[in-house]
Amino acid sequence: MSTTYGTFPGSRPRRLRTSPAIRRMVAETRLHPADLILPAFVREGIGTPVPITSMPGVVQHTRDTLRKAAVEALEAGVSGIMLFGVPEESKKDAAGTAGTDPDGILQVAIRDVKAEVGDDLVIMSDLCLDEFTDHGHCGVLDASGRVDNDATLERYAEMAQVQADAGVHAVGPSGMMDGQVGVIRDALDQTGHEDVSVLAYTAKYASAFYGPFREAVGSSLQGDRKTYQQDPANARESMRELALDLAEGADMVMVKPALPYLDILAKVAEAVDVPVAAYQISGEYAMVEAAAANGWIDRDRAIMETLTSVKRAGANMILTYWATEAARQLR
């Protein structure tokens with residue numbers, strides 16, 4: 001019997017997919033627990049954790065449970081924790097003064113976590129006013145009700161100082177005010193906090209996927225944030241924001257959200273020589289959890305696939321609510 005060998009493929013990529021061992025050996029992208037950062041919410045005035053209904057498995061922590069969560073993240077191999085403070089409703093005001101109170105919930109939480117884990121876990125803090133204002137915007141408002149960019153920068157400088165005084169390792173200015181990185185860098189340097197890093201929220205888009213986060217921080221938002229967060233239609237604009245943040249002294253840069261903006265993440269990662277973060281936000285988390293709860297997808301595989309896609313696009317660090325769980329699986 002004669003065989004026409006030329007009819008068979010000369011190249012067979014499937015050879016490198018034939019077993020788990022081979023696939024592992026040739027994998028181009030590898031997730032590691034150290035890639036992950038855990039966002040965590042701490043709420044003032046509660047005695048037990050409060051579940052966030054739109055984010056199954058995530059809670060508003062008490063001070064005690066936050067300390068425990070930080071230790072668990074550290075033991076799992078997670079690199080950092082990003083803290084968000086949720087003040088009592090009565091403490092919110094137009095200027096967000098609870099955010100710059102040395103005894104405000106976020107500063108207290110920073111001190112708590114620092115006392116628990118020291119320098120073994122990178123302690124990061126959200127540097128923004130939205131959790132602390134009664135109108136829910138990321139800055140102070142002018143007489144016409146618009147966010148006043150430059151007046152807000154003065155508040156951010158104060159926030160940077162009190163967070164650094166509390167012992168934070170890195171601040172994350174997330175308000176998307178023009179010039180925020182430079183003002184914060186100057187405030188830190190002028191108050192003896194030269195070693196505190198700035199993780200710039202460089203490309204933060206006005207996304208529909210923030211919905212569950214509003215519940216998580218008890219947001220009082222009136223209106224929207226489209227005048228200061230980026231338009232989802234724009235890509236070149238993110239590169240302009242990137243250049244400005246780097247010129248102003250950003251140590252690390254971030255793209256937020258992650259999955260809907262993997263193209264932006266890839267552009268940023270290709271363009272810079274500083275570490276790049278991506279934030280897998282509340283709506284991304286909620287989508288996977290909801291689909292899995294309905295039996296529509298394999299939850300564990302979906303979690304790892306989404307995280308791998310973010311890493312593959314160029315992120316060195318990923319903020320994800322699955323950080324501790326995923327780190328344990330990876331180990």
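What the Cα atoms of region 57-129 give is an Rg and a Dmax of 12.7, 40 Å. Taking amide H atoms as placed 1.01 Å from N in the peptide plane, the amide H of Leu319 lies under 5 Å from those of Ile37, Ala278, Tyr279, Gln280, each 5 or more residues away in sequence or on another chain. Applying a threshold of 18 Å to the alpha-carbon distances of Lys267/Lys311; Lys226/Lys256; Lys92/Lys226; Lys91/Lys226; Lys91/Lys114; Lys204/Lys226 flags Lys92/Lys226; Lys91/Lys226; Lys91/Lys114 as lying beyond it. With Rh defined as the Kirkwood radius, the inverse of the mean 1/r over Cα pairs, the Rg/Rh of region 1-79 is 1.42.
Taking the three principal axes of the alpha carbon atoms in the chain, the coordinate ranges are 89, 43, 38 Å, sorted in descending order. Restricting the GluC sites (Glu not before Pro) of region 28-104 to loop positions (DSSP other than H, G, I, E, B) with no more than 11 neighbouring Cβ atoms within 10 Å leaves Glu28. Measuring nothing but how far apart in sequence close Cα pairs (under 8 Å, 6+ apart) lie, relative to its length, the chain scores a relative contact order of 19 percent.
Between region 306-329 and region 238-290, how many Å separate their Cα centres? So the two Cα centres are separated by 13 Å.
Looking at region 1-118, the DSSP beta bridges with both ends there are about 20 percent antiparallel. A probe of 1.4 angstrom, applied to the heavy atoms of all protein chains, finds Met252 with accessible area near 30 square angstrom. Relative intensity of region 69-204 on a log10 scale, I(q)/I(0) at q = 0.09, 0.14 Å⁻¹, equals -0.25, -0.59, per a Debye sum over C-alpha point scatterers of equal strength in the absence of solvent. List the GluC sites (Glu not before Pro) within region 172-269 that fall in a DSSP loop (any state other than H, G, I, E or B) and whose Cβ has at most 10 other Cβ atoms within 10 Å. Hits after loop and neighbour filter: Glu194.
Of the listed residues Arg240, Arg43, Arg17, the order by accessible area with a 1.4 Å probe, largest first, is Arg240, Arg17, Arg43. To the nearest 10 degrees, how steeply does helix 236-247 sit against the main Cα axis of the chain, on a 0 to 90 scale? Taking Cα atoms only, the helix is inclined about 60 degrees.
The values are calculated or read from the model by the stated rules, or taken from the named source; none is laboratory data. All figures in this text were calculated on a predicted structure; none of them were measured in a lab. Note: ideal-geometry Cβ built from the backbone for every residue, glycine included; neighbour counts use all protein chains shown. What goes into the accessible areas is simple: the full protein's heavy atoms, side chains included, and nothing from ligands, DNA or RNA. Shrake-Rupley method; radii C 1.70, N 1.55, O 1.52, S 1.80 Å.
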